[in-house]
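Student: Before anything else, here's the structure in question.
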């Protein structure tokens, strides 16, 4: 019974799986939704969520007039399912934590420096 349980995986909606094989490494195929058979002890599934996921990133950068500006950005991201084996091999399962902060910081700095940003606020008096 245990062998049967470990040889069957279910990939839910909004997920994809990459198979790691102990003999051949990461398989190039992406496993879609549904129930799939694996070789117990030899193949292990790595499950990825492919739905859009929000991430909030804050950064402090300098403006054109040398003022410090704190910006908070909400980014919706999701991996391209056909590139999951490559993502897993080169970056790892925690690709969002590794890639998004550096990309968003560079883009935010470039946007702030190249544009005039006017910030309106209402001071609170007590």
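What follows draws every value from the coordinates through simple rules; no lab data is involved. Only a predicted model underlies this, so the values are computations on that prediction, with no experimental measurement involved. We place every Cβ from the backbone using ideal geometry, glycine too, and count neighbours over all the protein chains shown.
Student: Report the residue, chosen from 19, 87, 103, that carries the largest GNM mean-square fluctuation when the chain is represented by alpha-carbon nodes joined by springs under 10 Å.
Tutor: Looking only at 19, 87, 103, the biggest GNM fluctuation is shown by 103.
Student: Below 8 Å, C-alpha to C-alpha, sequence gap of six or more: please give me the relative contact order for the stretch 1-109 in percent.
Tutor: 23 percent
Student: Right, something else. Mind giving me the nanometre distance, one decimal, between the label points for residue 65 and residue 37, set 7 Å out from Cα along Cα→Cβ?
Tutor: So the two model labels end up 7.0 nm from each other.
Student: Moving on to the next point. Work the Kirkwood hydrodynamic radius out for the chain: mean of 1/r over every pair of different alpha-carbon atoms, inverted, in Å.
Tutor: The Cα-based Kirkwood calculation yields 17.9 Å.
Student: Next up: Let me check against my output: what whole-number percent is the relative contact order of the stretch 34-98, with C-alpha pairs under 8 Å and at least 6 apart?
Tutor: This gives 27 percent for the stretch 34-98.
Student: Say each of residue 7 and residue 22 gets a label point 7 Å from the Cα, pointing the same way as Cα to Cβ; how far apart are those two points in nm?
Tutor: The modelled label-to-label distance comes out at 1.5 nm.
Student: Between 72, 24, 104, where does the largest GNM mean-square fluctuation fall for the chain, given springs only between Cα atoms within less than 10 Å?
Tutor: The residue with the greatest mean-square fluctuation here is 24.
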